[in-house]
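**Q** Before I ask anything, here is the structure I am working with.
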Amino acid sequence: MTHPVIAIDGPAASGKGTLSRLIAKKLNYAHMDTGALYRAVAFEVLEAGGDPENEEDALKGVNSLTQKIESGDPASPDFVLHNAALRGDDMAVAASKVASQGEARKRLVTLQRRFARNPGEGYEGAVLDGRDIGTVICPEADVKLYVIADIEVRAERRMKELQSKGIQATSGTVLEDMRARDERDKERKASPLKPAEDAVMVDTSQLSESEVLEKALEIIQEKLSGPT
Ligand code: DC
């Protein structure tokens, strides 16, 4: 690859999405939120009246999503991934169920790798965020960050995010859903959430968005300038 690729992984609401968007803007990189892919598959499954835990239904959802993406601009699948209906916690839970299935995951690999290889005209690199970017999708990424935060902090952030979108939720339910989702994402057999061996850990619990960005940019600069 001629351009840099940055892989950012971590659990729900750790701050990886915000950080990825800020990095992309600052460095003029294209950004792919791979969680939105799994949410979009879950959306297709639920729309068709299917069960996200059923393998056949999940595969139908993957096919339907990839057809939609393929019929648009393949270098920029963002147009189906910006659906506001994807952002609720119910869709996050369904996405985590779809994402625990190996065959469904396998079929989404090409799409993600193609984006990393070809972020699109005018961009200087690619940044992908998710759960398995540094370990499975882009093991050769130039920079790997693993973003974490205390679960209470993450639940609080998610509550605020949901409230800001006018989505009803109670803090107990959000915390419970997050615990269950963490466990499902970490314990699944297929590409479980875990840091790549060469990932740099970034704990965002006590940091503001700009402090996290500053820290990440330092790491990126160091990694991209190579060994001294
Ligand atoms: O990042 P998010 O909360 O939007 O992700 C929703 C779910 O999708 C998450 O619980 C696990 C799954 N996911 C995954 O398994 N692998 C990825 N690369 C991204 C998300």
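The values are calculated or read from the model by the stated rules, or taken from the named source; none is laboratory data. Please read these numbers as outputs of a predicted model, since none were measured by experiment. Virtual Cβ from ideal backbone geometry, glycine too; neighbours counted across all protein chains shown. With ligands, DNA and RNA removed, areas are computed over all heavy atoms of the protein, side chains included. Shrake-Rupley method; radii C 1.70, N 1.55, O 1.52, S 1.80 Å.
**Q** Restricting to segment 92-134, count the residues that are within 13 Å of the chain's Cα centre (by Cα) and either closer than 15 Å to PRO11 by Cα or not in a helix (DSSP H, G or I) (or both).
**A** The total comes to 12.
**Q** Let me ask something else about it. Which number in (1) open to solvent by 30 Å² or more (accessible area, probe 1.4 Å); (2) of a type in the set (A, V, I, L, M); (3) outside any loop (DSSP other than H, G, I, E, B); (4) under 27 Å from LYS26 (Cα atoms) marks the one condition that LEU175 misses?
**A** Every listed condition holds for LEU175 apart from (4).
**Q** Kindly provide the set of residues from segment 193-208 that are within 13 Å of the ligand (Cβ to nearest atom) and open to solvent by 30 Å² or more (accessible area, probe 1.4 Å), ordered by number. Quick ask: steps written out before the conclusion?
**A** First pass over segment 193-208, keeping only residues within 13 Å of the ligand (Cβ to nearest atom): 193-194, 196.
If the condition is that a residue be within 13 Å of the ligand (Cβ to nearest atom) and open to solvent by 30 Å² or more (accessible area, probe 1.4 Å), then LYS194 is the only one that fits.
**Q** Here's something else I'd like to know. Of the residues that make up segment 123-138, is at least one surrounded by fewer than 17 Cβ atoms within 10 Å (Cβ to Cβ), of a type in the set (Phe, Trp, Tyr) and either more than 10 Å from the ligand (Cβ to nearest atom) or more than 29 Å from GLU214 (Cβ to Cβ) (or both)?
**A** Step one: list which residues in segment 123-138 are surrounded by fewer than 17 Cβ atoms within 10 Å (Cβ to Cβ), which gives 124.
Filter once more, so that each one left must be of a type in the set (Phe, Trp, Tyr): none.
No: zero hits.
**Q** I need the full set of residues from segment 21-66 which are aromatic (Phe, Trp, Tyr) and either open to solvent by 40 Å² or more (accessible area, probe 1.4 Å) or not in a helix (DSSP H, G or I) (or both), in order please. Step through it out loud before you land on a result.
**A** Pass one, segment 21-66, residues aromatic (Phe, Trp, Tyr): 29, 38, 43.
Within segment 21-66, TYR29, PHE43 meet the criteria.
**Q** If you scan segment 139-164, which residues turn out to be open to solvent by 50 Å² or more (accessible area, probe 1.4 Å) and over 15 Å from ALA13 (Cα atoms)?
**A** Hits for segment 139-164 are PRO139, GLU140, ASP142.
**Q** Looking at segment 67-79, is at least one residue within 28 Å of VAL147 (Cβ to Cβ), at pLDDT 90 or above and open to solvent by less than 40 Å² (accessible area, probe 1.4 Å)?
**A** Within segment 67-79, not a single residue is within 28 Å of VAL147 (Cβ to Cβ), at pLDDT 90 or above and open to solvent by less than 40 Å² (accessible area, probe 1.4 Å).
**Q** Please count how many residues of segment 186-219 are in a helix (DSSP H, G or I) and either within 22 Å of ILE23 (Cβ to Cβ) or hydrophobic (A, V, I, L, M, F, W, C) (or both). Walk me through it before giving the result.
**A** From segment 186-219, those in a helix (DSSP H, G or I) are 186-187, 209-219; that's our starting set.
From what's left, either within 22 Å of ILE23 (Cβ to Cβ) or hydrophobic (A, V, I, L, M, F, W, C) (or both): 209-219.
Count: 11.
**Q** Of the conditions (1) touching a residue at least 24 places away in the same chain (Cβ under 8 Å); (2) aliphatic (A, V, I, L, M); (3) assigned to a helix (DSSP H, G or I), ALA169 fails just one. Which one is it?
**A** (3)
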